[in-house]
Structures are given as C-alpha cells and as structure tokens.
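Structure record follows, encoded as structure tokens.
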Amino acid sequence: MSDSAKSHYGDESPIAAFATTPGNSALTLIRCSGKDSIELVSSVFSPEKIKDAAGNTVIHGWIIADNNKIDEVLASVFRSPKSYTGENSLDICCHGGAAAGIAVMTALKNAGFRDALPGEFTFRAFMNGKLDLTRSESVMELVSAKTEIGRRHAVSRLMGSLEKEIGEIKQRLVQVLAAAEIYLDYSEDEISADSDEAAGRLPNKEIAVEALKRLKKLSASWQLERIYQEGVKLVIAGRPNAGKSSLFNSLLKEDRSIVNELPGTTRDWIEAFVSINGIPVRLVDTAGLRETSDSVEKIGVERSRKLLQEADVVVYLIDGTQGFTKEDSAECEIWNGKKPVIFLWNKCDLALPPKPFPKADIHPVCVSAKTGVGLEELFSAIGSNLPKHDESSAAALGTERQKKLVDTACFALEEALVMAEREEPLDLIAPLLREAVNSLGEMTGEISTADILEEMFSRFCVGK
C-alpha cells in the first residue's frame, strides 16, 4: 500500500506534490508543506541556507541525494502563517523534463515527505483559515476555466465576492432568527404588547424578504455560470457532403475533421472547444444524416441523431450545390421550433439560395466553409442564440454544491415567510430560519463534516 493510500486529510505530516506536470518544459514546480517541511528540505539541500531562511525568500542551491547532486534548483520559502496553506511551505523550482522532477521528488520522499492527496494543499489552507469553502472551490474553477469570462468569474470568487455576499445574507438572517428566538425565550408578559412578536408577526420580516430576494438571484446565477464551466453544446448537422467537416475545421481554425468529397467520410462524431462571446462552445461534427445500408455508417447516423437531441444549439448545413432537398425539408420539420437551429446555405461561392426560399420561415445564413465567406455572420447568429453575459452582479455561484445549498436556504426561508403570512407560531417558523442559516454556513464551511470535506477536496487535482 502506498503512503498516500495510508494517509488522510487533516493530519500535519509533511507533503509534497508536482504543481506542474513533469515533461518537456523549461521548469517543473514541486510544492511542499507541513510540519518540519523546511527542515526536511534542508536535509537534502546544499548549501544549508534554507533552515534559517526568512519567509518569502528565494534560495538557490542543489538537491543532494547519497552525496550526489540531483538538480540545481530555486526554493521559495514561506513561513507560517504567511503561506498558501498557513503552514511552513516551500515551492521548489527545478529543471523541466520528467527525469529531473521525478529525481527531486524521490529525494524529498526519502527525506520524509509523503505524496499529497488531491486538493490537500487547498484543504490545509481551508482548515487553517486561509480560505473559506467558496474560495477553495474557486481554485479548481480557475484551473479549469475555458474562457476569459470564466477566468474572471473564478478570480472574483477567489477574491471573496461570493463569500462576502453569503456572509451578508447570513448575517441578516441571523438577525431575524435572533429576534424570533429571543421572543421564544421570554414569557408573553415580558414582551411589549405592541411588538411584532406579541402580535404573532415575524420580527424583522422585511429583512428576511430582502435576504430571500438576494438568495434567489444567486440561485439564478448558476444557470449561466454552469455554461461558462461546461460549455454550450453546438452540433453541426446536415446531409452527407454538405460541408460539415469543412465548417468544423474553419470554426476551429485547424484540421481536425477529415474532409473528402466521398459522402459518409465522417463515421463518428468529433468534439472540440471554441470561445464565442466569452462562452465556451463544444463544437460537435457529426456523421451525415441519411438512410444507409452500411452498418458502420448507420451507427454514426444514430449517434448523430442522439447528439442532436442533446444539443443546446443546432447548426444545420444545406449543400448549396444540391439545393434545398426533400431530405433537408424533413430534417427541418424535426428540429425547427424545438431548439435553436441556425440554417446555413453552404458553398455559396458556387451557388446562392433561391429567392424566395422554399420554406418561408427559414432564412439561411450564406457561408462558404471552404473560403471563409459568411463566417462572421455565422458567429453573430451563434452568439445571438447563446446566453447573454451579465456583469451587473459581482457575486455568482461557482459549483453545483453551492447551488444546492442556496436552494435549500431559499426553500426554508420561503416556507418561513409563508407561515409568517399566515401568522403561524414563531416556534414553528424559527427552525426554518435556522435551517436557512445552517445551509449558508455549510456553503462557506463554517458548518462542515469530515466526510463532506474529503469528498469535495478529493475532486481537486494533485498539487492544488
């Protein structure tokens, strides 16, 4: 059993991990943290400058193993509590290439470090009060951001925008809850006769209403944030030889799909990401839609139809040299009106669409995937079918976990306000307010369990 298999989140043992993937690069970074980490690195470092080095300093030297120089490195020293994890930590910058990094890591493990678990550095940062859970999660959001907008939103959460918003909402709910519980702690003759409590009304109700409004706005933000993280699935469809693969390559600006005049060349789907209006778009090139006796091509056509059902947006190509066929018309009937469909008249350099168009409700965009004519108009049409970015709200949800907890708080608070409208007893309303407060506490990590934390941080990559 490996050391990492025996280890667990929450101990103080010295850990080390690659913060960059060893390979053909100029540099490789290895992160170290934990109890006695500076002393352990000092034991394999020459000259012995690290042990007495001040925090936030960089030391030049060699990693030594069995009296042999392994690699010339730079070691950045961070002393508790002024480090990412809140512990004594080091970042060792060694030469790139797999061999150098692995040799340095071996020397560190022989000195007493163990392999870090996925996300263990960020876990320690959370446990030592350097980050709350929302900011911890934003670390992986930033690593996996696919567009500039996604990066900006992840950085905003890393800087504490969501933590601040949740904290303010929670503070207001605690104010409402405290007023209700104070009433429950006193007898009726100790409460002013003209108070809200004595009249059976929820104290500070207007504060609870405003908190619910802000929670609902946060909940709604997840729909767009999820798209920034996962992307919009845009499926390119059409009959064989309509130019789907050429269009796919043009949008991607590289040759990923095989382009051939022989119909049925694309037998399966190919996927790639592009950024359109700051939103990651999952482009999917599919097999041509037609009836076929070829068993392999038939599977490709079936997969294409399944992908069309899952698509957020469909781009349907019409082969300009063949015109608008009855097969095209049949496909239009299937998809048009059920989801956003952009119709393209491809090969417009060879033939233009008829006027009027055979179907009055279709206004195709004229393009030539081969020459690039009309691609700007296509990007504009795609952009008009994507969600609109809203910069007016600084705080937004970044994970499905956060979405579920905000929805739980919304449900509990909404139920409490409905009961307050019916002037139900405060001893029935107070537990719902407490549930809302606890959900927000769980979101930032004020309320958490070891199982929840381990499950969450285990999704991180090693070295973060």
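Just so it is clear, none of the values below were taken in a lab; they were calculated from the coordinates. None of these values were measured; they are calculated from a predicted model. Cβ: placed from backbone, ideal geometry, glycine included. Neighbour counts: every protein chain shown.
Our summary gives the range 61-154 a relative contact order of 20 percent, counting only alpha carbon pairs under 8 angstrom and 6 or more residues apart. Using alpha carbons only, how many angstrom separate the centre of the range 54-85 from the centre of the range 320-387? Going from one Cα centre to the other spans 60 Å. Summing charges over neighbours of K359, with a neighbour being any other residue whose Cβ is under 13 Å away from its Cβ, gives -2 when K and R count +1 and D and E count -1.
Normalised size of the range 28-137, defined as Cα radius of gyration per 2.2 N^0.38 Å with N residues, equals 1.05. When you restrict to C-alpha pairs under 8 Å that are six or more residues apart and normalise by the size of the chain, the relative contact order lands at 17 percent.
As a calculated quantity, the FRET efficiency between E377 and N56 at R0 = 56 Å, using C-beta atoms, amounts to about 0.60. Average projection, convex hull of the Cα set of the chain: 32.0 square nanometres. Please report the base-10 log of the normalised intensity I(q)/I(0) for the range 1-85, using a Debye sum with one equal scatterer per alpha carbon and no solvent, at each q in 0.11, 0.23 (1/Å). With no solvent term, the Cα-only Debye profile gives -0.34, -1.30. In the chain, helices alone account for a calculated mean residue ellipticity at 222 nm of -13500 deg cm²/dmol, with every DSSP H run of four or more residues adding -39,500 (n - 2.57).
Of all DSSP beta bridges confined to the chain, the antiparallel ones make up roughly 60%.
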